[in-house]
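Let me give you the structure first, and then I'll get to my questions.
Taken together, the values in this text are just the output of simple stated rules run on the coordinates, not laboratory data. Computed from a predicted model, the values in this text were never measured in an experiment. Here the Cβ is made from the backbone with ideal geometry for all residues, glycine too, and neighbour counts use every protein chain on show.
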Amino acid sequence: MQSGQEECDAESLGGLAIGAFELRPIRAGTKFRRAPENNGSLVFAARVAGIPGDEVERALEVVGLLDAMDRRAAACSHGMQRRAEFARELMIDRELLLLDEPHSALDQDAVELVNGLVGKIAANGGAAILVSHDRAKVAAIADRSVELIDGSLR
């Protein structure tokens with residue numbers, strides 16, 4: 001090994017996937033390559049949060065993506081990518097959830113996933129803040145609402 005180089009192994013890095021990239025050990029640093037799995041960022045989120053790895057599969061099953069867990073994210077529809085986002089949120093216990101247009105372009109099953117996620121947060125004593133143009137869908141799950149009208153909150 002040359003001076004200034006440091007060898008690292010997969011064990012020390014844990015083979016974590018970050019977003020759509022997977023850390024791969026090399027001498028003198030780390031390179032990034034596209035991860036083949038759709039669940040790479042979910043595995044990373046679970047590890048960071050100290051959540052057992054089997055929770056990734058459970059969350060993907062809840063959102064209907066278990067059969068697609070090895071599919072590249074680029075090969076997934078927009079709706080599937082949104083469902084993967086919901087899977088990540090289901091795995092992690094949050095006290096506050098911020099959602100911007102959470103029901104936008106979703107089928108009815110995915111709308112129910114959003115509503116269930118918001119309900120889970122509220123049932124655990126947390127809160128969700130939703131920004132939406134769809135008053136009816138938000139009213140169905142909101143305890144309180146505020147409207148922005150002509151620059152004023154009402």
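Within segment 38-146, which GluC sites (Glu not before Pro) sit in a loop by DSSP and count at most 14 neighbouring Cβ atoms inside 10 Å?
Qualifying residues, ordered by number: Glu95.
Express the Stokes-Einstein translational diffusion coefficient of segment 62-113 in µm² s⁻¹, to the nearest whole number, given a Kirkwood radius over alpha-carbon pairs, 10 °C and a viscosity of 1.306 mPa s.
Working: Rh = 11.9 Å.
My calculation gives 133 µm²/s for D.
Follow-up. Name the shape class, rounded, prolate or oblate, that the alpha-carbon gyration tensor gives for segment 95-154, where a ≥ b ≥ c are the square roots of its eigenvalues, rounded holds for a/c under 1.5, and otherwise prolate holds if a/b is larger than b/c and oblate otherwise.
Numbers: a/c = 2.16, a/b = 1.25, b/c = 1.73.
Oblate, because a/c is 1.5 or more while a/b does not exceed b/c.
Next question. If you stretched the chain out fully between Val131 and Ser152, how much longer would it get, using 0.36 nm times the residue separation minus the C-alpha to C-alpha distance? Please list the in-between numbers first.
On the way: separation 21, 0.36 × 21 = 7.56 nm, distance 1.49 nm.
Full-extension gain reported as 6.1 nm.
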